[in-house]
1. Quick check on my filter: what residues within segment 5-37 are part of a loop (DSSP other than H, G, I, E, B) and either modelled with pLDDT under 80 or not aliphatic (A, V, I, L, M) (or both)?
2. I'd like to check something: does segment 149-157 contain any residue that is at pLDDT below 95 and within 16 Å of I34 (Cβ to Cβ)?
3. Quick test for you: out of E133, E89, pick the one residue that is over 17 Å from the mean Cα position of the chain (by Cα) and over 16 Å from N39 (Cβ atoms).
4. For segment 46-76, how many residues meet the condition of being under 17 Å from E30 (Cβ atoms), over 16 Å from the mean Cα position of the chain (by Cα) and assigned to a strand (DSSP E or B)?
5. Of all the residues that make up segment 57-92, how many are at pLDDT 90 or above and within 22 Å of I156 (Cα to Cα)?
6. Determine whether R85 is farther than 20 Å from Y22 by Cα and not in a loop (DSSP other than H, G, I, E, B).
7. Out of all the residues in segment 163-173, is one or more loosely packed, with under 13 Cβ neighbours inside 10 Å, under 26 Å from E30 (Cβ atoms) and out of contact with any strand residue (DSSP E or B) (no Cβ under 8 Å at 6 or more places or on another chain)?
8. Can you tell which of S138, S149, S165 is out of contact with any Leu (no Cβ under 8 Å at 6 or more places or on another chain), among the small types (G, A, S) and part of a loop (DSSP other than H, G, I, E, B)?
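The values are calculated or read from the model by the stated rules, or taken from the named source; none is laboratory data. Just so it is clear, the structure is predicted and the values come from calculations on it, not from any experiment. Please note: Cβ atoms are built from the backbone with ideal geometry, for glycine as well, and neighbour counts cover all protein chains shown.
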Amino acid sequence: MRKVILSIVLLTVTCICFAQTYLAYNIWIEKPDIIFSCNYKRGTMVPAGTLVDRIEIKTDNKTRMYLAFNTPEYEKSFKVYIQSRVQGEDFTLDDLKARMFTDKDFKALTADFTEMEVDAIVKGVICQGMSKEAVLVSWGYPPNRSTFSTKLNNWIYPMNRWKTSEIVFNKDGRTISGAEIN
């Protein structure tokens with residue numbers, strides 16, 4: 001009995017030690033190492049399912065807190081700053097961390113999606129007929145100030161600092177219209 005319990009404990013510890021973390025959705029990098037929490041859709045895209053490590057909450061020299069992480073594949077470190085005016089005052093770095101990272105690689109993230117949805121996610125676009133879940137993997141979560149809940153059928157995303165895009169879903173949770181729908 002002790003051997004069985006010891007084996008289970010060792011297996012659990014081994015699994016925890018070797019668990020990997022990935023991006024839960026596509027992110028866009030506008031500046032060399034800075035990402036804004038609202039995830040503007042401009043600049044270079046780092047795809048959902050990208051392996052990440054060394055995820056930490058840090059403070060910069062201006063005493064602003066940010067979420068830091070590395071991408072071994074791209075050999076880069078990134079800082080993610082929360083924009084309170086876009087996300088809302090109650091949105092925390094822990095909230096961002098919970099949304100931004102997953103234990104699923106790209107194949108696992110997209111296992112339940114159609115071929116059209118997976119292709120759109122790879123391109124970082126939204127297509128008519130995509131599920132809400134696929135939109136979340138392609139563009140991430142809409143900011144809390146503009147879309148209070150992903151249960152709503154109208155989501156507003158900032159494309160950049162001056163332009164937003166509204167994505168509309170039908171009663172079945174599939175995209176039906178929006179300025180950025182291909």
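1. Q20, Y25, N26, E30, K31, P32, D33, S37
2. There is no residue in segment 149-157 that is at pLDDT below 95 and within 16 Å of I34 (Cβ to Cβ).
3. None of the others qualify; the one that does is E89.
4. Total satisfying the criteria: 1.
5. 1
6. The answer is yes for R85.
7. no
8. Of the residues listed, the single one that is out of contact with any Leu (no Cβ under 8 Å at 6 or more places or on another chain), among the small types (G, A, S) and part of a loop (DSSP other than H, G, I, E, B) is S149.
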